[in-house]
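Take a look at the structure set out below.
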Amino acid sequence: MTNSADTHCPYCALQCAMTLTSPAELAPAPQPGPVPVPLLPTLHSSAPAAAAPAALEVSGRDFPTNRGGLCRKGWTSATLLNHPGRITEPLLKGPDGVHRPISWDHALDLAASAVRDARARYGADAVGVFGGGGLTNEKAYMLGKFARLALRTSRIDYNGRFCMSSAAAAGMRAFGVDRGLPFPLEALDTASTILMLGSNVAETMPPFVQHLKGARDAGGLIVVDPRRSATAAFTADGGGLHLQPLPGTDLTLLLGISHVVIHEGLVDTAFVEERTAGYSAVVRSVNSFWPERVQSLTGVPADLIRETARRLAAGARQGGSYILTGRGVEQHTDGTDTATAAINLSLLLGLPGSARSGYGTLTGQGNGQGGREHGQKADQLPGYRKITDPAARAHMARVWGVPEETIPGPGLPAVQLLKSLGQPDGVRCLFIHASNVVVASPDANAVTAGLRSLDFLVVCDFFMSETAAEADLILPVLQWAEEEGTLTNLEGRVLRRRRALAPPAGARSELWIMARLAERLDAPSTYSEDPETVFEELRLASAGGLADYSGIDYAMLDRGEAAYWPYPAGSTGTPRLFRDRFAHPDGKAVMTAVVPRRRRTPAASPDPAAKTMTLITGRLLEHYQSGAQTRRVTELLASQPEAMVQVHPAAAEAMGIMAGSLVSVANERGEVVCKAELSTDIRPDTVFLPFHFPGLGSANRLTEAATDPTSGMPEFKFNKVWVRAVAAPLSSKMLQTTEAS
Ligand SMILES: Nc1nc2c(c(=O)[nH]1)N[C@H]1C(S)=C(S)[C@@H](COP(=O)(O)OP(=O)(O)OC[C@H]3O[C@@H](n4cnc5c(=O)[nH]c(N)nc54)[C@H](O)[C@@H]3O)O[C@H]1N2
Ligand SMILES: Nc1nc2c(c(=O)[nH]1)N[C@H]1C(S)=C(S)[C@@H](COP(=O)(O)OP(=O)(O)OC[C@H]3O[C@@H](n4cnc5c(=O)[nH]c(N)nc54)[C@H](O)[C@@H]3O)O[C@H]1N2
Ligand SMILES: [Mo]
């Protein structure tokens, strides 16, 4: 049977290994009919999917990250391959707002002329590109090249700005390189202490949890989360710790832990002297953060702050200690400084240089690591090079065979790019590849308005996402099991994605789309549609850069060889970084003193009946990101059909909110109305919303597009909201009664 492939899951950066097989008795994927997609101009895409037979069978495969395990999303991922809502022809929006099929030639001509029009009227930077961390390395690399050489625009950025940008900026500043985990995941298995800040892997990367078991059983797992998340709950049996700070106070907490390390003589002084710079400034900066003061600022008891410092230091001496950060601490306007504080703490303890300890950040999207290395970022060229660096520009000009002046300068980071849509001097014609910005970006109402003010919006997707529904032109692309390519997982390990079945006849690869558009735009250089040829070019492009892939090829990946970058030609790759030196020119790690900044005072509620609370947002096990994919999986949608706001029972009682009753969560940016889920896992002053749902359940109607000054990360995890029960006539009970009658 040819329709079988050893590949990896389409979703997160754990990149669990799976085998896809096509049972002989199953019919092949349906061929496109004349009008195969629901022609809905508005936001209806969370309608339950009709039960479709699985195109392929999924089985877990042994691999160091997942050891054969998969989560519910992985097990059900293949049901989307022949989903009835699959888009299989280019669709053009008519004046009536309805999308209708057109030919590929027509579609590409329209897109090319929209680019030429915008360019002629407003200049090349009026064309923009928004990419995604789910794209393969080949597509991400080509998207950066296509934007800069074919579209001739500087305006490219991507959804990784919402994800890894703060940790990436902190890692670059401290270590001189940004590889999420500078060690293989299996290294955690033998650690005695693991401090996890703002990460809920039990729901976001379930097979990861097996790597925490050793530390958990040794009583050394410490989870920092304002909610009692599934991961926080996992600490309990082994005698680990759950620190439950006020949302947004992790920086202060980390300064408190560092204070204890310094004042109790737990610093690895030999390491700090030999291998780091900036120590004395850090000592001065933490001086006023003694544990009792930090307790009053964060709500974490001083004893637990001391205990955390001591366990980390003990683990560093015996067994190994790791500090890991996730989006809970990074997705803030002080995310870079908070990640920096976590890195400083790890450097004080000598973790990053050691053979059995370390610091890492948990990359989120399937190719969140590779997607941030090869040129989708506004300020970046392939190989993690800076677009402002003359040597990098000269190198890329040689690889691409163009004069250096052809390569534009830095563009705008994602939030600023989205704010510029339709503005004078802003982007007028936008291409979106692999992001559902209507649901996933901060201040989503404003982003939707921006999309609607564009002259022309092109969205490449395989489903009618809420963003695709806004598009003038939708170009149907391939799903993961239909394409070849590579991804780089959260460990910096490059993996092969393999084609297991033929795509529907009308869908095209994004490499093909870019190649055809480049022709129409008379672009310089070459745009191959063959993934391996593109990878060969990426090898040359990345050679000598920080993320050097030049020693990696498809053949060795197909043999299952482990390829951790940097992997210069002639080397054997680098599973563990920093053993001998950090990536700054002098080989030292840099500690940067950081202190908490004052936050903006939120607007007061115009509604005296509403209670002002803190909103944190995040994920559920069943849904992936904007939900564009997982809301179409029958089983996952049945399990989590709608947004529910998590409220503490005490707070709920004071507001007259009952389990399942409708709640309004609002602020100056928008309003969410959804049912309440009462839980003592959340603080009484805080509510939690997942961001996987559209429309009235969309958490990002409430989040602020204020950004971290260094990374451009928006404020996803600390927003003030006004919460109140929705008046009786709208109660869920009433709704049910109405439906029944
Ligand atoms: N099921 C599922 N899995 C996923 C994804 C998905 O959408 N769904 N997405 C993937 C991607 S792209 C990513 S980036 C990862 C994200 O993986 P995680 O970082 O684990 O995900 P989140 O749920 O966003 O946030 C983690 C925790 O941060 C906590 N938190 C919120 N505010 C704060 C705070 O101020 N301080 C602290 N210490 N904690 C806080 C939340 O309560 C939450 O439990 O997951 C990946 N895996
Ligand atoms: N409030 C709040 N908002 C958040 C977050 C949060 O914690 N809280 N987390 C943020 C984070 S960490 C992330 S990573 C973002 C992610 O949010 P999004 O950028 O919206 O990511 P997805 O939902 O994965 O969207 C991917 C879209 O591209 C399509 N797609 C998948 N693969 C491909 C492909 O190969 N090519 C093309 N062309 N399309 C493809 C899918 O069908 C889907 O419509 O959300 C961010 N938004
Ligand atoms: Mo992410």
- Inside the range 389-418, can you point out the residues that are touching a residue at least 40 places away in the same chain (Cβ under 8 Å), open to solvent by 30 Å² or more (accessible area, probe 1.4 Å) and touching a helix residue (DSSP H, G or I) at 6+ places or on another chain (Cβ under 6 Å)? V399, P413
- Task: Spot the failing condition for D178; the list is (1) in a helix (DSSP H, G or I); (2) surrounded by 24 or more Cβ atoms within 10 Å (Cβ to Cβ); (3) of a type in the set (D, E); (4) out of contact with any strand residue (DSSP E or B) (no Cβ under 6 Å at 6 or more places or on another chain), and only one is missed.
- Result: (1)
- Query: Which pairs do you get when a residue that is buried (at least 18 other Cβ atoms within 10 Å of the Cβ), found in the range 499-519, comes within reach of a residue that is aromatic (F, W, Y), reach meaning Cβ atoms under 7 angstrom, with the pair 6+ apart or on two chains?
  - Reply: A507/F462; R508/W104; M514/F146; M514/Y527; A515/Y527; A518/F146; A518/Y527
- Within the range 483-496, the residues that are under 17 Å from G132 (Cβ atoms) and more than 20 Å from the chain's Cα centre (by Cα) are E483
- Note on the structure: Within the range 660-690, of all residues that are touching a strand residue (DSSP E or B) at 6+ places or on another chain (Cβ under 8 Å) and under 16 Å from A446 (Cβ atoms), the one surrounded by the fewest Cβ atoms within 10 Å (Cβ to Cβ) is E671
- Which condition number does G670 fail, the rest of (1) away from ligand 1 (no atom under 16 Å from the Cβ); (2) over 18 Å from E715 (Cβ atoms) being met? (2)
- Of the residues in the range 719-741, those that are open to solvent by less than 50 Å² (accessible area, probe 1.4 Å) and at pLDDT 95 or above number 6
- When only residues in the range 590-628 that are of a type in the set (S, T, N, Q) and within 14 Å of ligand 3 (Cβ to nearest atom) count, which is farthest from S199 (Cα to Cα)? S626
- Mind checking whether some residue in the range 308-317 is among the basic types (K, R), more than 16 Å from ligand 1 (Cβ to nearest atom) and in contact (Cβ under 8 Å) with a residue 40 or more places away in the chain? yes
- Mind checking whether some residue in the range 191-210 is outside any strand (DSSP E or B), open to solvent by 20 Å² or more (accessible area, probe 1.4 Å), within 16 Å of ligand 2 (Cβ to nearest atom) and of a type in the set (D, E)? yes
- Among the residues of the range 658-690, the number that are more than 20 Å from R228 (Cβ to Cβ), part of a loop (DSSP other than H, G, I, E, B) and within 25 Å of the chain's Cα centre (by Cα) is 1
- Being aliphatic (A, V, I, L, M), part of a helix (DSSP H, G or I), within 30 Å of the chain's Cα centre (by Cα) and at pLDDT 95 or above, is that true of even one residue in the range 80-103? yes
- For the range 118-173, which residues satisfy the criterion of being more than 20 Å from the chain's Cα centre (by Cα) and polar (S, T, N, Q)? T153, S154
- Within the range 601-625, can you find the residues that are open to solvent by 50 Å² or more (accessible area, probe 1.4 Å) and either touching a Gly at 6+ places or on another chain (Cβ under 9 Å) or within 16 Å of ligand 1 (Cβ to nearest atom) (or both)? P602, R619
- Message: I need the full set of residues from the range 247-265 which are part of a loop (DSSP other than H, G, I, E, B) and free of Cβ contacts under 8 Å to residues at least 40 places away in the same chain, in order please.
- Response: G265
- Item | Count of residues meeting criterion [closer than 24 Å to A666 by Cβ and either touching a helix residue (DSSP H, G or I) at 6+ places or on another chain (Cβ under 6 Å) or within 16 Å of ligand 1 (Cβ to nearest atom) (or both)] in the range 451-476 | 4
- Query: Do you know which residues across the range 91-147 are open to solvent by 10 Å² or more (accessible area, probe 1.4 Å) and β-branched (V, I, T)?
  - Reply: V98, I102
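The values are calculated or read from the model by the stated rules, or taken from the named source; none is laboratory data. The shown structure was predicted, so the numbers you read here are calculated from the model rather than taken from an experiment. Neighbour counts are summed over all protein chains in view; Cβ atoms, including those assigned to glycine, are modelled from backbone coordinates with ideal geometry. Just the protein is used for accessible areas: all its heavy atoms, side chains included, with ligands, DNA and RNA removed. Shrake-Rupley method; radii C 1.70, N 1.55, O 1.52, S 1.80 Å.
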